[in-house]
Amino acid sequence: MSKPLPVFVKDIKMAKQLAEISFEQEKILKKYWPGRYTFVLKQRMPNSDEFKTIALRIPKYKPLNSLLKKINKPLAQTSVNISGNPSMTKIREIRKVFGDNAGVGFIFDGGNLLKRKPSVIMDLTGKRLTRLR
């Protein structure tokens, strides 16, 4: 089974196009967005029987926020690594590993990355807010 990729959105309005967001959930999202928090929500219109949820995030990174506003579309996101391996932080290494890969459509070059913990993933689909990572 494949894992769906989390999605960057430009604002709450775009998030509401993709996910069912209650008034209470919206208050939580506004508290943490933009930022390093990804929230799992019920997908508005599931595109398969396999996935009924969607993970959304409004990033807090000006160049990426500008790109999201310019394209005015959600953008699939992932960590910079091969599954199971540590994340890469050096742009030269990232280009070497992913630059010629036909499965990668675009590399956003923001220079070398800071070593950070991964973003927090919170599940908002149940009765209680649950931290997944």
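One table, with the values for the structure above:
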| item | result |
| --- | --- |
| Residues with amide H under 5 Å from that of ILE121, placed H, sequence gap 5 or more | THR38, LEU132, ARG133 |
| Among LEU41, GLY84, SER119 the positive-end extreme of the charge dipole of the chain (Cβ point charges) | SER119 |
| Counting all C-alpha pairs of the chain, share separated by more than 25 Å (%) | 29 percent |
| Relative packing of 111-121, 68-78, which averages over residues the other C-beta atoms within 10 Å, highest first | 68-78, 111-121 |
| Segment 32-133: antiparallel DSSP beta bridges as a percent of all, rounded to 5 | 60 percent |
| Spatially proximal lysines relative to LYS127 (Cα-Cα < 17 Å; intrachain offsets below 8 disregarded) | LYS27, LYS42, LYS52 |
| Label-point separation, ILE121 to LYS73 (7 Å along Cα→Cβ), nm | 2.4 nm |
| Derived scalar couplings ³J(HN,Hα) [segment 61-67; Karplus, 6.51 cos²θ - 1.76 cosθ + 1.60; whole Hz; x for Gly, Pro] | 8, 3, x, 6, 4, 5, 4 |
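A short reminder: the numbers here are calculations on the coordinates, not readings from a lab. No experiment lies behind these values; they were computed from the predicted model shown. Note that we place each Cβ from the backbone using ideal geometry, even for glycine, and neighbour counts take in every protein chain shown.
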